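Heads up: the structure comes next, in structure tokens.
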Amino acid sequence: MSFSPNADYFELFGLTPGFEIDQELLSLRFRELQRNAHPDRFANASAQDKLASVQQAALINEAYQALKSPLGRGRYLLARSGAQLDDADTRMDTGFLMAQMALREDLAAVPTSADPFASLDLLRQRIEGNEREMVAQLQRLDEAILAGDPEALEQGVQWVRKMQFMHRLLEELDSMEDDLVHQG
Amino acid sequence: MAYSDKVLDHYENPRNVGTFENDDEAVGTGMVGAPACGDVMRLQIKVNDQGIIEDACFKTYGCGSAIASSSLVTEWVKGKTLDDAAQIKNSQIAEELALPPVKIHCSVLAEDAIKAAISDYKAKHQG
């Protein structure tokens, strides 16, 4: 079984398109597809079939990466409905940026706080709380985004952009935690 | 990826890091962010009665190129009129700092930040 490079990612994994998916089913289907497309299975195949299997494996991987996280799924759903995700656009809601700046400042202050690990945990809870709220907002827009409602698409893009900041912040937090552990 | 000497210089000795009081009538604040890398930049200007930028400061959370770009812009705008400061182009910043193509967006962020600060100041003084 082979898929066109333009295959719909949800269809590829046999999932109903939408923000909420069955994660277990996604992982299961991913492993099945990956096994079938594995280049080792094509060791004795023609050069053309070998190339095709590598391309299939890459497509399956890309699709899985896109769908497995809420951020990736949000981006894919929006793009699929025709929304423009312009990463070069630096205009963001000022209140959001100010809150983001404050979170960054709090993160920078963690190593010099009385109990760095406790501060880090508290900050993580705050950031993850924010993230959950954003995921809930996207979930609320799910049907309208699928239907291609322009207003929902615009709102969805704003939530996804905000989620990207939170994602980056959590990466910074993880790397700080690593540093703290290794200093310990 | 290797940073240029100028980027390293601004990164290690950033100029004008700080905050001005946002409520000050003479202050314009520009806040911008890049979703792709999660960088956040705040650039502030202090403008005198003659419409000249007397002082500027910034705070940036991001990579070395983003910090260097904003640091450089705060140096450049001091002594300029608002109109002259609004003419600063990201290509000039990128050239001065010898930014590689993948870091051009950092200079765009700095250009957007100074423009946002100028608009904020002008909005405060309308009417």
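The values are calculated or read from the model by the stated rules, or taken from the named source; none is laboratory data. Note that the structure is a prediction, hence the values are computed from the model and not measured. Here the Cβ is made from the backbone with ideal geometry for all residues, glycine too, and neighbour counts use every protein chain on show. Accessible surface areas use protein heavy atoms only, side chains included; no ligands, DNA or RNA. Shrake-Rupley method; radii C 1.70, N 1.55, O 1.52, S 1.80 Å.
Just to be sure I understand, how many residues within the stretch B:22-50 are over 25 Å from A:L71 (Cβ atoms) and in a loop (DSSP other than H, G, I, E, B)?
We begin by selecting, within the stretch B:22-50, every residue over 25 Å from A:L71 (Cβ atoms); these are B:22-30, B:43-50.
From what is left, the residues that are in a loop (DSSP other than H, G, I, E, B) are B:22-26, B:48-50.
Of the residues in that region, 8 qualify.
Rundown of residues vs (1) within 28 Å of A:L173 (Cα to Cα); (2) assigned by TED's automatic domain parsing to the domain that holds A:W159; (3) in contact (Cβ under 8 Å) with a residue 12 or more places away in the chain; (4) surrounded by 13 or more Cβ atoms within 10 Å (Cβ to Cβ), yes/no style:
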{"site": "A:P17", "(1), (2), (3), (4)": "no, no, yes, yes"}
{"site": "A:I21", "(1), (2), (3), (4)": "yes, no, yes, yes"}
{"site": "A:E32", "(1), (2), (3), (4)": "no, no, no, yes"}
{"site": "A:S46", "(1), (2), (3), (4)": "no, no, no, no"}
{"site": "A:A52", "(1), (2), (3), (4)": "no, no, yes, yes"}
{"site": "A:A58", "(1), (2), (3), (4)": "no, no, no, no"}
{"site": "A:A79", "(1), (2), (3), (4)": "no, no, no, yes"}
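Across the stretch A:1-15, what is the number of residues that are within 21 Å of A:D49 (Cα to Cα) and open to solvent by 90 Å² or more (accessible area, probe 1.4 Å)? Write out each step before concluding.
Taking the stretch A:1-15 and keeping what is within 21 Å of A:D49 (Cα to Cα), we get A:1-7, A:12.
From what is left, the residues that are open to solvent by 90 Å² or more (accessible area, probe 1.4 Å) are A:1-2, A:5-6.
Total satisfying the criteria: 4.
Check whether at least one residue in the stretch A:113-135 is open to solvent by 70 Å² or more (accessible area, probe 1.4 Å), basic (K, R) and out of contact with any Leu (no Cβ under 8 Å at 6 or more places or on another chain), and report yes or no. Let's see the steps before the verdict.
To start, the set of residues in the stretch A:113-135 that are open to solvent by 70 Å² or more (accessible area, probe 1.4 Å) comprises A:114-115, A:117, A:121-122, A:125-126, A:132-133.
Restricting the remaining residues to those that are basic (K, R) gives A:126, A:132.
From what is left, the residues that are out of contact with any Leu (no Cβ under 8 Å at 6 or more places or on another chain) are A:132.
Yes, the stretch A:113-135 contains at least one residue that is open to solvent by 70 Å² or more (accessible area, probe 1.4 Å), basic (K, R) and out of contact with any Leu (no Cβ under 8 Å at 6 or more places or on another chain).
List the residue pairs whose Cβ atoms are under 6 Å apart, where the first residue sits in the stretch B:27-56 and is at the interface with another protein chain (Cβ under 7 Å from one of its Cβ atoms), the second is small (G, A, S), and the two are 6 or more positions apart or on different chains.
That search, which allows pairs on different chains as well, returns B:V32/B:A113; B:V32/B:A116; B:V40/B:G33.
Could you tell me whether the stretch A:149-165 includes any residue that is part of a helix (DSSP H, G or I), within 14 Å of chain B (Cβ to nearest Cβ), closer than 23 Å to B:T29 by Cβ and of a type in the set (D, E, K, R)?
Yes, the stretch A:149-165 contains at least one residue that is part of a helix (DSSP H, G or I), within 14 Å of chain B (Cβ to nearest Cβ), closer than 23 Å to B:T29 by Cβ and of a type in the set (D, E, K, R).
With A:A102, A:A136, A:A88 as the choices, which residue is without any contact (Cβ under 8 Å) to a residue 40 or more places away in the chain, of a type in the set (A, V, I, L, M) and away from chain B (no Cβ under 12 Å)?
On the way: A:A102 fails: away from chain B (no Cβ under 12 Å); A:A88 fails: away from chain B (no Cβ under 12 Å).
Just a single option satisfies the conditions, and that option is A:A136.
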